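**Q** Sending over a structure as structure tokens; questions will come in a sec.
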Amino acid sequence: MADPAAVIEEPQPPPAAATGRARAVGLPVGLVRTARPRQWIKNVLVVAAPAAAGRLASVHVAAQLAVVFVLFTAAASAVYLINDARDAEADRAHPDKCRRPVAAGQVPAGLAYAVGGLLAVLAPAAAVALCNPATAGLLGAYVLMQLAYCVSLKHVLVVDLAVVTTGFLMRAMIGGVALAIPLSRWFLITAGFGALFMVAAKRYSEALLMAERGGESRALLRAYTTGYLRFVWQLAAGVAVLAYCLWALEGDRAVDGGSLPWRQLSMVPFILAVLRYAVFADRGTAGAPEDVVLRDRGLAVVALVWMALYGLAVAGL
């Protein structure tokens, strides 16, 4: 006679209702994760042009910028959804990207395509009604450019750097476009080369990481040498600093109306911020720019000092 204690009960599968509830909850969460909430911090750049023009002290401006932030976030999320659906098979073979919801099977690729396509159409359409046609055109151009990047441009040497950099520059421009604020040449040069600095530093960090792991990487990333990528981010950092300094030195107290040269003084924290970020770039730990910006306390302190000095310059104190 068998010993009852020796009988091992097989685990019972969860009830179908419980499984259905888990899927119903997991699907929206998976869609949000695919939209990359951590990347939304980049869209704060929509305030860059109005801030540079000293146009933030208004409820109307704040409300308009909130709308622009949401619209740009929707457009960027559309690109992430479509990109992950398209790259699902390749992501499953990647040690980190295999955890993405589409690659992991949490979100069906067809649904990611559908939601991404819907957002790609709705964001520019809403911009026509809520902002102006120029804002809608810029959003539409961003979506088309990023989709072209996902399909083919990310495989073209140097062009991939230019496309990603242009995406950052569009973020910095769109707040000014939505509020009909003229964009100065110094603003565009500083924002553009500042973005190139961060993009090239990210690629440099990725190349170093892949070299250390000895693993697979995108063919284009292997085509770059670390020396070349280091040259690009150093060149971009130098041009961004030079452009900012020329802008700051172009003003004087009489024009700004202040008692002290706050614009000129703001050069110090700006340069320190670039140098601080360059530490992470040089170490090869700038692969996730949002992590560097959000987690480094020293960089946060320098940024606050710069904001204070710039605010004083705009206020004319």
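The values are calculated or read from the model by the stated rules, or taken from the named source; none is laboratory data. Remember, it's a predicted structure, so these values are computed and weren't measured experimentally. Please note: Cβ atoms are built from the backbone with ideal geometry, for glycine as well, and neighbour counts cover all protein chains shown.
**Q** Within region 30-70, restricting attention to residues that are within 27 Å of Val107 (Cβ to Cβ) and either touching a Pro at 6+ places or on another chain (Cβ under 8 Å) or charged (D, E, K, R) (or both), which residue is surrounded by the most Cβ atoms within 10 Å (Cβ to Cβ)? Please lay out each step first, then the result.
**A** Start the filter on region 30-70 by keeping residues that are within 27 Å of Val107 (Cβ to Cβ), which leaves 30-44, 69-70.
With either touching a Pro at 6+ places or on another chain (Cβ under 8 Å) or charged (D, E, K, R) (or both) added as a condition, the list becomes 30-31, 33-34, 36, 38, 42.
Values: Gly30: 21, Leu31: 19, Arg33: 20, Thr34: 25, Arg36: 19, Arg38: 11, Lys42: 20.
Filtering region 30-70 for residues that are within 27 Å of Val107 (Cβ to Cβ) and either touching a Pro at 6+ places or on another chain (Cβ under 8 Å) or charged (D, E, K, R) (or both), the one surrounded by the most Cβ atoms within 10 Å (Cβ to Cβ) comes out as Thr34.
**Q** Within region 278-317, restricting attention to residues that are of a type in the set (Asp, Glu) and part of a helix (DSSP H, G or I), which residue is modelled with the highest pLDDT?
**A** Filtering region 278-317 for residues of a type in the set (Asp, Glu) gives 282, 290-291, 296.
Now drop any that are not part of a helix (DSSP H, G or I), which leaves 282, 290-291.
Working: Asp282: 91, Glu290: 78, Asp291: 81.
Filtering region 278-317 for residues that are of a type in the set (Asp, Glu) and part of a helix (DSSP H, G or I), the one modelled with the highest pLDDT comes out as Asp282.
**Q** Taking interchain pairs and intrachain pairs at least six residues apart, which have beta carbon atoms under 6 angstrom, with the first residue in region 284-302 and without any contact (Cβ under 8 Å) to a residue 24 or more places away in the chain and the second of a type in the set (D, E, K, R) and assigned to a loop (DSSP other than H, G, I, E, B)?
**A** Here the result reads none, with nothing in region 284-302 linked to a residue that is of a type in the set (D, E, K, R) and assigned to a loop (DSSP other than H, G, I, E, B).
**Q** Considering region 177-205 alone, what residues qualify as being surrounded by fewer than 24 Cβ atoms within 10 Å (Cβ to Cβ) and within 14 Å of Arg55 (Cα to Cα)?
**A** Once the filter is applied, which keeps residues that are surrounded by fewer than 24 Cβ atoms within 10 Å (Cβ to Cβ) and within 14 Å of Arg55 (Cα to Cα), region 177-205 yields Val177, Leu179, Ala180, Ile181, Pro182, Leu183.
**Q** Something else about it: Mind listing just one residue for me: the one in region 176-226 that is more than 30 Å from Val59 (Cβ to Cβ), among the hydrophobic types (A, V, I, L, M, F, W, C) and more than 20 Å from the chain's Cα centre (by Cα) and, of those, modelled with the lowest pLDDT?
**A** Ala219
**Q** OK, next. Give the residues of region 120-137 that are surrounded by 22 or more Cβ atoms within 10 Å (Cβ to Cβ) and among the aliphatic types (A, V, I, L, M), sorted by residue number.
**A** Ala120, Ala123, Ala127
**Q** Select, from Val151, Val164, Val239, the only residue that is more than 22 Å from Leu81 (Cβ to Cβ) and among the β-branched types (Val, Ile, Thr).
**A** On the way: Val151 fails: more than 22 Å from Leu81 (Cβ to Cβ); Val164 fails: more than 22 Å from Leu81 (Cβ to Cβ).
None of the other options fit; the residue is Val239.
**Q** Answer yes or no as to whether Thr135 is touching a Leu at 6+ places or on another chain (Cβ under 8 Å), among the polar types (S, T, N, Q) and part of a helix (DSSP H, G or I).
**A** Numbers: touching a Leu at 6+ places or on another chain (Cβ under 8 Å): yes; among the polar types (S, T, N, Q): yes; part of a helix (DSSP H, G or I): yes.
Taking the combined requirement at face value, the residue satisfies it.
**Q** Another one. In region 119-132, how many are in a helix (DSSP H, G or I) and in contact (Cβ under 8 Å) with a residue 40 or more places away in the chain?
**A** Narrowing region 119-132 to residues in a helix (DSSP H, G or I): 119-130.
After this cut, where a residue has to be in contact (Cβ under 8 Å) with a residue 40 or more places away in the chain as well, the list is 119-120, 122-124, 126-127, 130.
Number satisfying all stated conditions: 8.
**Q** Condition check: of a type outside the set (S, T, N, Q) and more than 29 Å from Trp186 (Cα to Cα). Does Asp84 satisfy that? Step through it out loud before you land on a result.
**A** Numbers: of a type outside the set (S, T, N, Q): yes; more than 29 Å from Trp186 (Cα to Cα): yes.
So Asp84 passes the test.
**Q** Further question on the same structure: State yes or no: is Gly105 surrounded by fewer than 22 Cβ atoms within 10 Å (Cβ to Cβ), on the phi > 0 side of the Ramachandran plot and either assigned by TED's automatic domain parsing to the domain that holds Arg38 or in contact (Cβ under 8 Å) with a residue 24 or more places away in the chain (or both)?
**A** Details: surrounded by fewer than 22 Cβ atoms within 10 Å (Cβ to Cβ): yes; on the phi > 0 side of the Ramachandran plot: yes; either assigned by TED's automatic domain parsing to the domain that holds Arg38 or in contact (Cβ under 8 Å) with a residue 24 or more places away in the chain (or both): yes.
The answer is yes for Gly105.
**Q** Name the pairs: first residue in region 37-62 and touching a residue at least 60 places away in the same chain (Cβ under 8 Å), second residue among the hydroxyl-bearing types (Ser, Thr, Tyr), Cβ to Cβ under 7 Å, at least 6 apart or on different chains?
**A** Sorted first by the residue in region 37-62, then by its partner, the pairs are Asn43/Thr73.
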